[in-house]
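Working notes, beginning with the structure itself.
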Amino acid sequence: MFSAAFLLLLIILAMIATLVSDSMLSVRQFGFGFLKGQAWNPIKGEFGALPFIYGTIVSSLIALQISVPLSLGIAIFLVEQAPYYVARPIGFLVELLAAIPSVVYGLWGIFVLASFLRVYVEPVLARWFGWLPLFQGPITGIGLLTGGIILAIMVTPIISAVVRDVLAAVPSSQREAALALGATKWETTRVVLVNAVPGIAGAVILGLGRALGETMAVTMVIGNRPQISISLFEPSYTIASAVANEFTEATQDLYLSALVELGLILFLVTFVVNGAARLLVRSVTRRTAGAGASA
């Protein structure tokens, strides 16, 4: 068992060592300026990672804003509300969404979702909320908003499946005790949710990790333009999309090294996000335990 765990650690260290070694040319050339640089011009040898970091983080946050409430609603309905003969087929269909290849999501996003957003959603957002910088700019159906929605659709089955298992693992005695004390059905569900908070947070972390590293579906609908724009209608670029799109075109050593450094940044961003999320889970767990003890 120790050997299996140690092997996993060695694999991670080997990946980090390879990324650091292959990105040293870019690191020596640009230093920390690579993280705050906004220009990406391989012809002139100008490389900056800030637009890609911005696109990765913003699209992932959009996905979580949409998918987390939806996933919680699905899981609560399947575990606490729906009868067995309804919960089982719906649960199967939700899990089936997670098995669809990302390129299929991307094709659906180009031919269906982008057109729907361009005709029915984005004009309404621009009309009612156009005074906000988030909803200004040309309406094309391709951009950060579309990329975030695609990610939300892809992340929802993962989060909902994990949350469903977490809610189902809460002992029935918790529900029976709440009902015995005169709690309503919704109050009983709230008791279950309080007990499942650490697991729900873990499910959100898992979904965030999927959103940060998703490549093909986002590449096909986000616009692939290395820029920083507040508007959600504008095209953007993610780190994973940039590496997937431009790796075969990198004929110069500096260009290839810059792309590898982007991969290293994505690796580090994932570590930082997961670390912050773990701290959040720990604080929530302690607060929940303290509340239960005081009660």
Between Leu107 and Phe129, take the C-beta separation as r, use R0 = 30 Å, and let me know the FRET efficiency to the nearest 0.05. 0.55
Once you place label points 7 Å from the Cα toward the Cβ at Ala183 and Glu46, how far apart are they in nm? 6.0 nm
Ignoring ligands, DNA and RNA, please state the percent of accessible area on the chain from carbon and sulfur, probe 1.4 Å. 70 percent
Matching label, Rg and Dmax of the Cα atoms in Å computed from the structure shown, candidates [x] 22.0, 72; [y] 20.2, 65; [z] 19.1, 74: [x]
Check every DSSP H run in the chain and write down those whose alpha carbon atoms cover 18 angstrom or more along the long axis and whose mean Kyte-Doolittle hydropathy is 1.6 or greater. 2-22, 50-76, 144-169
Averaging sequence separations of C-alpha pairs under 8 Å and six or more residues apart, then dividing by the length of the chain, give the relative contact order as a whole percent. 28 percent
Per residue, accessible area of the chain with a 1.4 Å probe, heavy atoms of protein chains only, in Å², comes to 53 Å²
Neighbour net charge for Pro42 - beta-carbon separation under 15 angstrom, K R +1, D E -1: -3
So for the range 107-235, averaging the separation of alpha carbon pairs under 8 Å that are six or more residues apart and normalising by length, what relative contact order in percent results? 44 percent
Semi-axes of the equivalent ellipsoid for the range 1-115, Cα gyration tensor, largest first, Å: 40, 24, 14
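The values are calculated or read from the model by the stated rules, or taken from the named source; none is laboratory data. Just so you know, these numbers come straight off a predicted model, no measurement behind them. Cβ coordinates were reconstructed from backbone atoms using ideal geometry, including for glycine residues, and neighbour counts include every protein chain displayed. For the accessible areas, the whole protein counts, side chains as well, though only heavy atoms, and no ligand, DNA or RNA atoms are used. Shrake-Rupley method; radii C 1.70, N 1.55, O 1.52, S 1.80 Å.
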